[in-house]
Amino acid sequence: MSDTVTRRSPRPAGPATGRSRRTLLASAHGRCLVVTDHAVDLTATAAAPWSPGLRALPAGRATPTTPVLRYEEAGGPPELSWDEAGARLRAPWRDTADGAVLGYLAAVLMERDRQRRGYFSMHAAAASLDGRGVLLLGKEGAGKTSVLSRLCRHHGARLIGNDLTVLGGRAPRCELVAGTRFLFLRQASVDRSMADLDLPLPRRAGLDPWRTKWRVEPAEVSIDVDTRPRPVERVHLVHVDESQPDLRTGRADDTATLLHLHENAARYIRGTATHALHGAPQRPLGYIPSLDTPGLYHHRAAVLAHLAHEVGIEYVSGPATAVAAHVARGLR
C-alpha cells in the first residue's frame with residue numbers, strides 16, 4: 001500500500017435499481033459490456049483513470065465477441081468466476097468499493113479485447129515530438145515520469161501516456177495510441193528531479209516521500225497531450241541518477257532487458273498486474289486467470305522484436321535534465 005493522495009473526490013454510487021443496467025465501456029481499442037443492477041457511473045470510479053480514454057458507449061454497439069462482466073449483488077463471501085464470454089461477480093455492493101472493483105475487472109477484459117485487435121498495454125511512459133513517438137521504459141522509481149515531464153515542459157514534447165501506455169498495430173508496424181494521461185508523482189521524485197514544476201503540494205507530517213504519490217493533471221504543469229496515434233521512432237530504457245556527473249548511454253539488448261520487456265507486455269493480459277481487493281482488512285476478491293492465447297503472444301512477440309531489434313532500445317542514465325535533452329535530440 002502507499003500513502004496515495006488525489007486531489008479529486010470520486011462521485012458517489014447510486015443505489016440498486018432492481019433492474020439490469022448495461023454499460024458498454026471502451027478504452028483504447030478495448031471494450032467490455034458491464035451488466036449490473038446498480039446505478040453507478042463506471043467512467044467515474046477510482047478505477048477509471050487507469051483505463052486510458054475510458055468512455056461509455058451505447059450498449060447496442062456491443063458485438064457477439066465483446067467480453068461481458070456481470071455483477072449480481074448477493075450476501076456472503078464474494079464469488080468470482082470466468083469463462084470464454086467474460087466474468088461474473090456475486091458479492092455485497094460494499095465489497096465493490098463503489099464500483100471500482102467492477103472497473104478493475106472490466107479493465108482485464110478490455111485488455112483481452114484490445115489484444116485481439118493487435119494492441120497491448122505496458123508499464124511505460126510515452127510522448128511525441130514533431131509527430132515522432134518515443135517509448136520510455138524503466139522499473140518503478142527509475143525516473144520515467146521525471147524524464148517525461150522535462151521532455152514535455154522544456155523540449156516541446158506532448159504527453160501520450162504516463163505509467164501505462166497502449167501500443168501495437170499490425171506487426172511489424174508499431175504505434176503509440178493512448179495511455180494514462182495524468183502524472184502520478186512520487187514525492188521523493190519531485191524532491192529529487194522535479195523541483196522546477198513548482199507544485200503546491202501540501203507537506204504533511206508523517207508521509208513517507210517514497211510511498212506518497214500525487215496525481216497531477218497535465219494542464220496544471222503546462223504539459224500538452226497528444227491524442228493521435230504516433231509511430232514509435234525511439235525506445236529508451238531510462239535511469240535517473242542526479243549524483244551521476246556524466247550521461248551514460250548504450251544499447252540495451254541484453255537478456256535481462258528483453259525478458260523484462262516480454263514480461264511487461266504480458267502482465268495485464270495474464271492477470272499478474274490486477275488484484276481486486278475487498279473488505280477490511282483487504283483480501284483478494286478471487287482468482288484472476290491468464291487470458292492470454294498463443295495468437296496474442298505471437299503478435300506481441302513480433303511487435304517487441306521490431307522494437308528491440310529494428311528500432312533498438314537505448315539505455316540512458318544520468319541527471320533528469322541531461323537524459324531528457326538526450327532523448328529530445330534523438331527525435332529531431
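The values are calculated or read from the model by the stated rules, or taken from the named source; none is laboratory data. Keep in mind that what you see is a predicted model, and the values were worked out from it rather than measured. Cβ: placed from backbone, ideal geometry, glycine included. Neighbour counts: every protein chain shown. Quick note on the areas: whole protein, heavy atoms, side chains included, nothing else; ligands and nucleic acids left out. Shrake-Rupley method; radii C 1.70, N 1.55, O 1.52, S 1.80 Å.
So, in region 217-231, how many residues would count as being outside any loop (DSSP other than H, G, I, E, B) and within 10 Å of Ser128 (Cα to Cα)?
Taking region 217-231 and keeping what is outside any loop (DSSP other than H, G, I, E, B), we get 218-221, 225, 230-231.
Retained after the next criterion (residues that are within 10 Å of Ser128 (Cα to Cα)): 225, 230-231.
Number of matching residues: 3.
Close Cβ contacts (under 7 Å, 6 or more residues apart or on different chains) running from residues in region 73-102 that are part of a helix (DSSP H, G or I) to residues that are open to solvent by 70 Å² or more (accessible area, probe 1.4 Å) and of a type outside the set (Ser, Thr, Tyr) comprise Trp93/Glu73. Considering region 124-170, the qualifying strands (runs of 3 or more DSSP E), each wholly inside and each with 3 or more residues that are hydrophobic (A, V, I, L, M, F, W, C), run over 125-129, 132-137.
When we screen Gly138, Gly161 for residues that are open to solvent by less than 10 Å² (accessible area, probe 1.4 Å), in contact with a His (Cβ under 7 Å, 6 or more places away or on another chain) and of a type outside the set (D, E, K, R), the only hit is Gly138.
Is it the case that region 124-137 has a residue that's at positive phi and aliphatic (A, V, I, L, M)? Within region 124-137 (the criterion being at positive phi and aliphatic (A, V, I, L, M)), the answer is no, since none of the residues qualifies.
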